[in-house]
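Chemist: Dropping the structure in here first, questions after.
All of the numbers you see were taken from the coordinates with simple rules; none came from a lab. Just so it is clear, the model here is predicted, and its values are computed rather than measured. Every residue, glycine among them, receives a Cβ derived from its backbone with ideal geometry; neighbour counts consider all protein chains shown.
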Amino acid sequence: MKREKFYYEKEMYEPASEGAKRIASECHPVEVYFEVQSTAGVPDIVLASFDEKVLQERMIQNLSPVTSLPMMATLQFMSEYPEIDSPFATRAISNALGISQGYLSSTILPGLESKGYVEMHKRGWWHLHHRYTPTAALLVTIEVKVKKWKQALFQAKRQGNSSDYAWIIIDDFYAKSAIANREIFEKLGIGLGSLDAGGGLKAISGAPHRSPAKPHRETLAERVLEMKMSSQNSGPAYPVFGRNLAEV
């Protein structure tokens with residue numbers, strides 16, 4: 001008997017990711033990752049296209065992925081200054097980013113030092129050795145749901161702050177309600193697709209290019225890169241306010 005619908009979200013992951021990869025690859029060669037924690041939730045699927053030249057430069061410079069949002073915000077702040085030879089005062093970084101000097105001195109800056117980006121000049125002052133260069137040319141987050149499109153919309157909206165494009169894929173068997181409300185998706189800038197039980201993926205409404213917040217996007221990119229370097233395609237859980245969001 002021909003199957004008409006999906007019963008569980010995870011049944012949809014593989015056909016949804018393959019369909020999305022096939023469509024995205026028309027513009028970018030992409031890799032597929034599952035359940036990578038962003039700074040605001042855990043997208044079911046992330047499509048990523050990396051700049052191989054930047055990755056090679058990273059390897060030569062022996063730079064490790066920066067997977068912490070406060071570290072990424074600090075690194076980007078330091079990287080945007082034109083004078084790389086001038087040391088940065090911890091106090092100035094604290095005032096600019098709203099991160100306490102104690103946290104910067106004890107955790108953030110030593111963490112960036114261990115990853116190869118900075119070095120202590122003297123107490124309270126740090127040198128930037130390498131500016132941050134984005135590795136991902138494209139990041140797409142996808143939420144997959146059998147039928148709970150309103151829940152997916154909430155999740156995709158939050159996670160879209162970390163990606164260039166945000167999509168929701170609904171089981172075609174239950175997609176009628178979501179399609180009837182497609183103007184909500186369009187208003188929020190989130191793409192809508194339907195997936196039938198045979199693996200056919202159809203775009204209902206497109207996803208416009210977003211303008212994600214820099215540190216949020218780059219933190220997700222670095223977490224995906226860390227997985228790529230470890231030959232993994234399913235992400236670890238990073239605690240957010242003491243909670244593992246992958247289990248929520």
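Chemist: Using only the alpha-carbon atoms, how far is helix 149-159 inclined from the longest principal axis of the chain? Give it as 0 to 90 degrees, nearest 10.
Modeler: It works out to around 20 degrees.
Chemist: Around residue 137, which amide H atoms from residues at least 5 apart in sequence, or from another chain, sit under 5 Å from its own amide H, with H modelled in the peptide plane?
Modeler: Placed amide hydrogens put 49, 50, 51 under 5 Å from residue 137.
Chemist: For a Förster distance of 25 Å, can you work out the FRET efficiency between the beta-carbons of residue 51 and residue 23, rounded to the nearest 0.05?
Modeler: 0.75
Chemist: Using alpha carbons only, how many degrees (0 to 90, rounded to 10) separate the axis of helix 214-229 from the longest principal axis of the chain?
Modeler: Relative to the chain, helix 214-229 is tipped by roughly 80 degrees.
Chemist: What does the charge dipole of the stretch 1-67 about its Cα centre add up to, to the nearest 20 debye, if the Cβ of each Lys and Arg holds +1 and the Cβ of each Asp and Glu holds -1?
Modeler: 140 debye
Chemist: Between 155, 61, 76, which gets the highest mean-square fluctuation from a Gaussian network model of the chain, Cα cutoff 10 Å?
Modeler: 61
Chemist: Same structure again: Against the 2.2 N^0.38 Å scaling, with N counting residues, where does the chain land? I'd like the Cα-based Rg ratio to two decimal places.
Modeler: Dividing the Cα Rg of the chain by 2.2 N^0.38 Å gives 1.11.
Chemist: Hey, another quick one. Looking only at 194, 17, 25, which one moves most when the chain is put into a Gaussian network model with springs between Cα atoms under 10 Å?
Modeler: 25
Chemist: State to the nearest 20 debye the size of the charge dipole of the chain about its Cα centre, where the only charges are +1 on K and R beta carbons and -1 on D and E beta carbons.
Modeler: 640 debye
Chemist: Round to the nearest 10 and give me the degree value, 0 to 90, for the angle of helix 9-24's Cα axis relative to the longest principal axis of the chain.
Modeler: Helix 9-24 sits at roughly 80 degrees to that axis.
Chemist: Next up: Quickly estimate the mean residue ellipticity at 222 nm for the chain, helices only: each DSSP H run with n ≥ 4 gives -39500 (n - 2.57), and the total goes over all residues, rounded to 500.
Modeler: Only helices count here, giving -10500 deg cm²/dmol.
Chemist: Residues with beta-carbon under 15 Å from that of residue 84, excluding residue 84: net charge, scoring Lys, Arg +1 and Asp, Glu -1?
Modeler: With Lys, Arg at +1 and Asp, Glu at -1, the neighbours total -3.
Chemist: Shifting gears a bit: In bins 10 Å wide, starting from 0, what share of all Cα pairs of the stretch 61-128 does each bin hold, as a percent?
Modeler: 22, 63, 15
Chemist: With the chain treated as a Gaussian network of Cα nodes joined by springs under 10 Å, which of 60, 190, 170 yields the largest mean-square fluctuation?
Modeler: Largest GNM mean-square fluctuation: 60.
Chemist: Still on this model: About its Cα centre, how strong a charge dipole does the stretch 61-128 have in debye, to the nearest 20, once Lys and Arg get +1 and Asp and Glu get -1 at the Cβ?
Modeler: With Lys and Arg at +1 and Asp and Glu at -1, about 240 debye.
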